[in-house]
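What follows is calculated from the coordinates using simple rules that are stated; it is not laboratory data. Keep in mind the model is a prediction, meaning the values are calculated, not measured. Here the Cβ is made from the backbone with ideal geometry for all residues, glycine too, and neighbour counts use every protein chain on show.
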Amino acid sequence: MKQTLLERVEVGSGGASSITFTSIDQSYDALVVLVSDRSNRAAVNDAVIIKMNGTTSTGKRMYGSGSSITATASPDPISAGNTSTSNSFSNIQFVISNYSSTTKYKPWLADGAHETNGNPAYHTLATGVYSSNSAVTSITLEPETGTGFLEHSSASIYGVTFGSI
Amino acid sequence: MGTTAWVPIAETTLTSSASSIVMSSIPSGYKDLMVLASGVSTSGTQDQGVYFNADTGSNYNCVILYSSPSNTVGAATSSYIIDYYGSVTTDNTASTTLQIFDYAATDKHKSYLARSGRAASGTDLIVGRWASTSAITSITYFLNGGTLATGTTVALWGLNTA
């Protein structure tokens, strides 16, 4: 498996309401999106929405806080909010299958960690689907509740090649 | 310090329905194995399973942490399955990853970690064990009671730590 970095975005001073990758190369077998983020929500935690071609996925998530475990009808992995431990950012990996297919839906899995060196801290396992046969040509990341990502948040998108056998 | 890389070993996309996909003659030179499955069933909702070295006996055990369609969480035990609520249907909306540790070892049982999910159903985290000290040389991917449909894709990688 070879992962090729397609684009990396780092949020600068002043923050950003979203992070978008456009004109995604269609020649790979899958996509991996790595996110390191902290939103401006005035709370310990937030979550990250992933939109494909501008459309929000449906799905589920299960997350543990260190003291309890919860499941909800949302595919958004838990992430860091602005009252979280200083300088702490969440880490999330999205794996998106079939993204270039024009005959299949696009299911995805996400692993998310929001470790704060304190309590609560979160680990999320989430799943979603972009229920469309259209190839994914753009991906947008947004905070679920906050209005933007804070400076030093970043996201990278990789094309995954299964490789010749 | 050496570098690590996932190296492709096998990939199959079905062009017609099949009872299983077998990845055989797996070389022994890697540390771990990783399977990415995008399964589709020909009918109904089906759990995915794997057999190692074509062993269909009672040598598989796993513990499961899951979220259900009604958004409750729970735990369960089972055998050879690699999903619980992340099972596949006819509509290609499930994803599963499976990592198998020390698959070539001949002095330990084989442990594996699966993550699966289906957007309309739930998510699963599964830790399993195959009670055998044999090196894994083949993996059979199948649906428990169902048939794999055209379009099912399974890819296998080995972790190179050289």
(Q) Can you find a residue that is in contact (Cβ under 8 Å) with a residue 24 or more places away in the chain, away from chain A (no Cβ under 14 Å) and under 18 Å from B:THR89 (Cβ atoms) anywhere in the stretch B:7-18? (A) yes
Margin query: Whether any residue in the stretch A:114-130 is at the interface with chain B (Cβ under 9 Å from one of its Cβ atoms), buried (at least 21 other Cβ atoms within 10 Å of the Cβ) and over 16 Å from the mean Cα position of the chain (by Cα) is what I want to check.
Written below: no
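Rundown of residues vs (1) of a type in the set (Val, Ile, Thr); (2) within 20 Å of A:ALA135 (Cβ to Cβ); (3) away from chain B (no Cβ under 14 Å), yes/no style:
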| residue | (1), (2), (3) |
| --- | --- |
| A:GLY14 | no, no, yes |
| A:SER27 | no, yes, yes |
| A:ALA30 | no, yes, no |
| A:ALA43 | no, no, yes |
| A:ALA47 | no, no, yes |
| A:MET52 | no, yes, no |
| A:THR58 | yes, yes, no |
Within the stretch B:64-118, residues of a type in the set (Gly, Ala, Ser), more than 12 Å from chain A (Cβ to nearest Cβ) and part of a strand (DSSP E or B) come out as B:ALA76, B:SER78, B:SER111
Check: Is one or more of the residues making up the stretch A:76-84 assigned to a loop (DSSP other than H, G, I, E, B), touching a residue at least 12 places away in the same chain (Cβ under 8 Å), more than 27 Å from B:SER38 (Cα to Cα) and of a type in the set (A, V, I, L, M, F, W, C)?
Finding: no
* Asked: Restricting attention to the stretch B:124-146, does a residue exist that is under 25 Å from A:ASP111 (Cα atoms), in a strand (DSSP E or B), within 10 Å of chain A (Cβ to nearest Cβ) and among the hydroxyl-bearing types (Ser, Thr, Tyr)?
  -> no
In the stretch B:12-64, anything within 21 Å of A:ILE96 (Cα to Cα), of a type outside the set (Ser, Thr, Tyr) and out of contact with any Asp or Glu (no Cβ under 6 Å at 6 or more places or on another chain) is listed as B:LEU14, B:LEU33, B:MET34, B:VAL35, B:LEU36, B:ALA37, B:GLY39, B:VAL40
Of those in the stretch A:85-126 that are of a type in the set (S, T, N, Q) and not in a loop (DSSP other than H, G, I, E, B), the residue nearest to B:THR15 (Cα to Cα) is A:SER97
For A:ALA80, the lone unmet condition from (1) facing another protein chain (nearest Cβ under 9 Å); (2) in contact with a Phe, Trp or Tyr (Cβ under 7 Å, 6 or more places away or on another chain) is (1)
| Scanning for something hydroxyl-bearing (Ser, Thr, Tyr) and either assigned to a strand (DSSP E or B) or closer than 30 Å to A:THR70 by Cα (or both), does the stretch B:43-56 turn up at least one residue? | yes
Given the conditions (1) hydroxyl-bearing (Ser, Thr, Tyr); (2) free of Cβ contacts under 8 Å to residues at least 12 places away in the same chain; (3) buried (at least 16 other Cβ atoms within 10 Å of the Cβ), every one holds for A:SER68 apart from (3)
Going through (1) within 11 Å of chain A (Cβ to nearest Cβ); (2) free of Cβ contacts under 8 Å to residues at least 60 places away in the same chain; (3) not basic (Lys, Arg) one by one, B:ALA155 fails only at (2)
Next on the checklist: For the structure I just gave you, tell me whether B:VAL35 is more than 14 Å from chain A (Cβ to nearest Cβ), aliphatic (A, V, I, L, M) and in a strand (DSSP E or B).
Outcome noted: no
The residue that is farthest from A:GLY15 (Cα to Cα), considering only those in the stretch A:60-75 that are within 13 Å of chain B (Cβ to nearest Cβ) and assigned to a loop (DSSP other than H, G, I, E, B), is A:SER68
